[in-house]
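> Handing you this structure, nothing more for now.
The values are calculated or read from the model by the stated rules, or taken from the named source; none is laboratory data. Keep in mind it's a predicted model, so treat the numbers as computed, not measured. Cβ placement follows ideal geometry from the backbone for every residue including glycine, while neighbour counts extend to all protein chains displayed. Heads up: the accessible areas ignore ligands, DNA and RNA and are worked out on the full protein's heavy atoms, side chains in. Shrake-Rupley method; radii C 1.70, N 1.55, O 1.52, S 1.80 Å.
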Amino acid sequence: MQPITHLLASWTVAGIPRLESRDRIIITLAGISPDVDGVGIVVELATEHIQQPLLWYSKYHHVIGHNLIFGIVISLTAAAIARRRLLTAALVFFVFHLHLFCDLIGSRGPDGYQWPIPYFYPFFQNIELSWSGQWALNAWPNILFTIILMMITCYLAWKKGLSPLEIISKRANRVFVDMFRQRFGRPQS
Ligand SMILES: [Zn+2]
């Protein structure tokens, strides 16, 4: 799925328990982190006209960041830097798998390519996860899912005073939250 959908999904998970801002941000960023393996697209596009282009996107997207080892590494990293170590690490492990699941069900490329997930990479490279019912990246279920997540995000902003904007700045988050509270009144606590 698109990075925005992954971001909102992991944000929603992070926004449910009572956590400090730092831990919520760790969980949210962890939920989109598998897609860092897509940055190779810059190199691939830059070298596409040379004699031996570097196919870093085609080769490594949905590979480097989309496997169990990567999930374990980011969970351990979260455990090392979070305030509530165990809960944050567990939720990082969960949102990582949620990311893989979302990719599995709804990331078919325009050319029909399924982007199979090499879950046990770099071991057992012949085992790849894919689902025959997978829908396209821009299909309606993804759009609907994203809209629902946006609505939950707005609700959490109004109710709990929290939004993914806190990743950028506390001030931006405040402005966003106040917008809902001025419109709908303050929530009963
Ligand atoms: Zn992905």
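> Can you tell me which residue among R181, R171, R108 is loosely packed, with under 13 Cβ neighbours inside 10 Å and of a type in the set (D, E, K, R)?
R171
> Across segment 1-51, which residue is modelled with the highest pLDDT among those that are open to solvent by 40 Å² or more (accessible area, probe 1.4 Å) and basic (K, R)?
The residue in question is R22.
> Next up: Quick check, is T88 touching a residue at least 24 places away in the same chain (Cβ under 8 Å), of a type in the set (S, T, N, Q), away from the ligand (no atom under 14 Å from the Cβ) and touching a Leu at 6+ places or on another chain (Cβ under 9 Å)?
yes
> Looking only at segment 34-46, filter to residues that are closer than 21 Å to A9 by Cα and in contact with a helix residue (DSSP H, G or I) (Cβ under 6 Å, 6 or more places away or on another chain); which one of those is farthest from the ligand (Cβ to nearest atom)?
By that ranking, first place goes to D37.
> Farther than 24 Å from Y119 by Cα and either in a loop (DSSP other than H, G, I, E, B) or within 16 Å of the ligand (Cβ to nearest atom) (or both): is that true of H49 in this structure?
The answer is yes for H49.
> I want to confirm something. Restricting to segment 52-80 and keeping residues that are more than 16 Å from the ligand (Cβ to nearest atom) and open to solvent by less than 60 Å² (accessible area, probe 1.4 Å), which single residue is nearest to S130 (Cα to Cα)?
Here the answer is S75.
> Kindly check whether there is at least one residue in segment 81-103 that is β-branched (V, I, T), open to solvent by 30 Å² or more (accessible area, probe 1.4 Å) and touching a helix residue (DSSP H, G or I) at 6+ places or on another chain (Cβ under 6 Å).
Scanning segment 81-103, I find no residue that is β-branched (V, I, T), open to solvent by 30 Å² or more (accessible area, probe 1.4 Å) and touching a helix residue (DSSP H, G or I) at 6+ places or on another chain (Cβ under 6 Å), so the answer is no.
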